[in-house]
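K.L.:
One structure, as structure tokens, below. Some questions next.
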Amino acid sequence: MIQGWKAVYYREALLLRRRFWKTLGTMCVSPLLYILAFGWAMAPTGQGGGGMGADYLRFLLPGLAAMSSMTQAWAIAGEINVARFYWRIFEEIQAAPVAPGGYVLGEVLAGMTRALLGVLAVLGLGFVFGVRLTLGPAFWLALMLNAFFFASLAVGLAMHIKAHADQALLTSFVITPMAFLGGTFFPVERLPVVVRELLLLLPLTHASRAARAAATGAELPTLSLVILLTVGAFAFVFAVKSVARAKD
Amino acid sequence: MIRLENLHKRYAKRDALCGVNLHVSAGELFAYLGPNGAGKTTTVRILTGLSVPDSGRALVDGLDVTREPARVKALCGVCGQTINLDQDLTVAENLEVHGRLFGMDAPQLRSRAAENLERLELADRARSLVRELSGGLRRRVMLARALMHGPRVLFLDEPTVGLDPAIRRKLWAAIRAIREGGTTILLTTHYIEEAEFLADRVAFLDQGRVVALGTPQELMEAQGVWAVDMLEGTDMRTTCFRDRAEAQDFGAAGPGSFTLRRVNLEDVFHATTGRKLANGAAA
């Protein structure tokens, strides 16, 4: 059922190792800009973070970590598309005795590895800017569940798109809005009820909430973790079915 | 070793395969010839699990490719038309990933990689990134990779397309050596000389149908021994003869210049379908 996952993961790990510094540098750019613009330049003046002042950076960082785990896990779709549309390497994997579940597991773990690296990059930047967070198991669990969901979704959707450009479209319409509205930059609790309830449908909102609570010592929203686990399981099954059907 | 039974495949508005029946014996090098779009690659894609037939059966070593895909895949090696190597990995890494995909362990990987790199004269390129290699070297890496897990059946889909003649001949020698090792090979090509040089038997595929089948010698002898090419307007007209003198006289009696040569597989395809193999156009 999951035959071949190690080989699929190994391939992605080799590619990541070869491009490690370039990838790490890319992962740092957006978080650094957000920290500089919203957390550092605007927050002390009260213009950013809803008047939270210097504490805003401490609020922002777990949100950025959640956002980074989402975008980096999602980025595995780009790798898959390059392998499918440009280099045709997906066909090499399809011609091998690799089970659809094995392929998905290997790629999802690769997405989660990228996500972990992205989170470490955010935390490293936070450290440079003097932010200290509590990084207990609950923090990592929230972010890895988030990465699991988005990597699974990415693998599944990558099997349905017909061209690399469609992937950019999905990112523009789904991932980018979620990055801004999923509780990364502001507490969704401050929004009107209707909007808040809508934003609670986004998995990233739950990841941000859980990671923030774990990092700041607040009470852990267990329901958010359960939701992430549930949607992750659904996304994984969707990805396996999509890979199994990806022929012709 | 390979059996196709009434195989049909249709894409959108086009029939790619229309009831193909074929049998390839164990250890045979079988060439599957036809113009672009004849259905050669579709057949290979079905046999390697990349496509599903609409009807009919495809069997490898008695195993149905749609019912037991994992077992069939474990038996087969594929060297596709498109170079699908990981450009950012080294030659050795590409081979290693392939071996792992087929469940090979570390000692097996090392010994098989060394053996195949040696066999295809790639040992000194093991640590080179694929993106730094020439087209000919990449083709050899494709072949080395396909052989990594010791397949009993090897599918070579246009393995020498785009290569210059010298490199093509080098690859032919490698393919012959693989065949002499007992591997069954299904070779798709539109290069006549490739099939003539390598194949034990040949099938001509045209518009999704097998239109001729036999050894190259049998197929050519059925047309004659000598061929006369004569230019008629902008078209080249070819006529085949058993007797050289008769062919010579026929050419000499024509209105213009002519070329006398031996019959080849292109003539067989032309005589069978009325098309040129090179572009599939009606002649």
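K.L.:
What FRET efficiency comes out for residue B:71 versus residue A:180 if R0 is 41 angstrom and r is the Cβ-Cβ distance? Round to the nearest 0.05.
P.N.:
After rounding, the FRET efficiency stands at 0.25.
K.L.:
Over chain B, with a Gaussian network built from C-alpha contacts below 10 Å, which listed residue (B:222, B:114, B:203) shows the highest mean-square fluctuation?
P.N.:
Maximum fluctuation in the GNM of chain B, among the listed residues, is at B:222.
K.L.:
Scan segment A:213-248 for trypsin sites (Lys or Arg not before Pro) in coil per DSSP, keeping those whose Cβ has at most 15 other Cβ atoms within 10 Å, and list them by number.
P.N.:
Details: sites: A:241, A:245, A:247; in loops: A:247.
Qualifying residues, ordered by number: A:247.
K.L.:
Within segment B:106-212, list the chymotrypsin sites (Phe, Trp or Tyr not before Pro) lying in a DSSP loop whose Cβ has at most 14 other Cβ atoms in a 10 Å radius.
P.N.:
none
K.L.:
With 10 angstrom as the radius, rank B:226, A:21, A:40 by how many other C-beta atoms surround their C-beta, starting from the fewest.
P.N.:
A:21, A:40, B:226
K.L.:
Name the long-range amide H neighbours of residue B:205: under 5 Å, sequence gap of 5 or more, or other chain; modelled H, no Pro or chain starts.
P.N.:
B:33, B:34, B:211
K.L.:
What's the extension gain from residue B:222 to residue B:10 if we count 0.36 nm per residue and subtract their Cα-Cα distance?
P.N.:
73.1 nm
K.L.:
Considering all projection directions equally, how large on average is the shadow of the alpha-carbon convex hull of chain B, in square nanometres?
P.N.:
On the way: hull surface 65.2 nm².
That works out to 16.3 nm².
K.L.:
Follow-up. Using a 7 Å offset from Cα along Cα-Cβ at residue A:55, what residues in segment A:155-186 end up with backbone N under 18 Å from the label point?
P.N.:
What the label zone holds, given the 18 Å backbone N cut-off, is A:184-186.
K.L.:
Per-residue Cβ counts within 10 Å, from other chains only, averaged over B:39-52: what number is that?
P.N.:
Working: counts 0, 0, 0, 1, 0, 1, 5, 2, 1, 4, 6, 7, 3, 3.
That works out to 2 on average.
K.L.:
Something else about it: Label-point separation (nm) for residue B:23 and residue A:37, each offset 7 Å from Cα along Cα-to-Cβ?
P.N.:
Going from the residue B:23 label point to the residue A:37 one covers 7.1 nm.
K.L.:
Next question, about the same structure. Starting from the amide H of residue B:19, placed 1.01 Å from N in the peptide plane, find each other amide H under 5 Å away whose residue is 5 or more places distant or on another chain.
P.N.:
B:7, B:8, B:9
K.L.:
Quick one: 3J(HN,Hα) in Hz for segment B:116-133, Karplus 6.51/-1.76/1.60 with θ = phi - 60°, rounded, Gly and Pro as x.
P.N.:
Per-residue couplings from phi come out as 6, 5, 5, 4, 9, 6, 10, 4, 6, 10, 3, 9, 7, 6, 4, 5, 8, 8 Hz.
K.L.:
For the protein assembly as shown, with the dipole built from +1 on Lys and Arg beta-carbon atoms and -1 on Asp and Glu ones, taken about the Cα centre, which of B:133, A:221, B:123 lies farthest toward the positive end?
P.N.:
The listed residue farthest towards the positive side: A:221.
K.L.:
Using each residue's phi in segment A:232-244, evaluate 6.51 cos²θ - 1.76 cosθ + 1.60 at θ = phi - 60° and report the 3J(HN,Hα) Karplus result to the nearest Hz, with x for Gly and Pro.
P.N.:
Going residue by residue, I get x, 4, 5, 5, 5, 4, 4, 5, 4, 5, 5, 5, 4 Hz, with x marking Gly and Pro.
K.L.:
What is the calculated FRET efficiency for residue A:13 to residue B:3, with r their C-beta to C-beta distance and R₀ = 41 Å, to the nearest 0.05? Working shown, then result.
P.N.:
Working: r = 40 Å, r/R0 = 0.97.
Efficiency computed from Cβ-Cβ geometry: 0.55.
K.L.:
Now, a different point. Starting at the first residue of segment B:25-33, write each ³J(HN,Hα) from the Karplus equation 6.51 cos²θ - 1.76 cosθ + 1.60 with θ = phi - 60°, in whole Hz, x for Gly and Pro.
P.N.:
Using θ = phi - 60°, the values come out as 7, 4, x, 8, 9, 10, 9, 10, 10 Hz.
K.L.:
Loop by DSSP (not H, G, I, E, B), at most 11 other beta-carbon atoms within 10 Å: where is the longest site-free stretch of chain B for trypsin sites (Lys or Arg not before Pro)?
P.N.:
The longest such stretch corresponds to B:128-283.
K.L.:
For peptide B:64-75, how many partner chain Cβ atoms fall within 10 Å of a residue's Cβ, on average?
P.N.:
The shielding value for this peptide is 2.
K.L.:
Mind giving me the nanometre distance, one decimal, between the label points for residue B:114 and residue B:252, set 7 Å out from Cα along Cα→Cβ?
P.N.:
Going by the 7 Å Cα→Cβ label model, 6.6 nm.
K.L.:
log₁₀ I(q)/I(0) of the protein assembly as shown at q = 0.05, 0.06, 0.07 Å⁻¹, via Debye over equal Cα point scatterers, no solvent, to two decimals?
P.N.:
-0.29, -0.40, -0.52
K.L.:
What is the sum of charges around residue B:229, taking Lys and Arg as +1, Asp and Glu as -1, for the other residues whose C-beta is under 9 Å from the C-beta of residue B:229?
P.N.:
Summing Lys/Arg as +1 and Asp/Glu as -1 gives +2.
K.L.:
Run the simple label-point estimate for residue B:197 and residue B:261 please: 7 Å along Cα→C-beta, distance reported in nm.
P.N.:
Modelled inter-label distance: 1.5 nm.
K.L.:
Among the lysines, which fall within straight-line cross-link reach of residue B:9, defined as a Cα-Cα distance under 16 Å, with same-chain neighbours fewer than 8 residues apart omitted?
P.N.:
Once the sequence-local lysines are set aside, what remains near residue B:9 is A:247, B:40.
FYI, it's all coordinate maths here, none of it is from the lab. These numbers come from a predicted model, not from an experiment. Methodologically, a virtual Cβ is constructed for each residue, glycine included, from the backbone with ideal geometry; neighbour enumeration extends over all protein chains shown.
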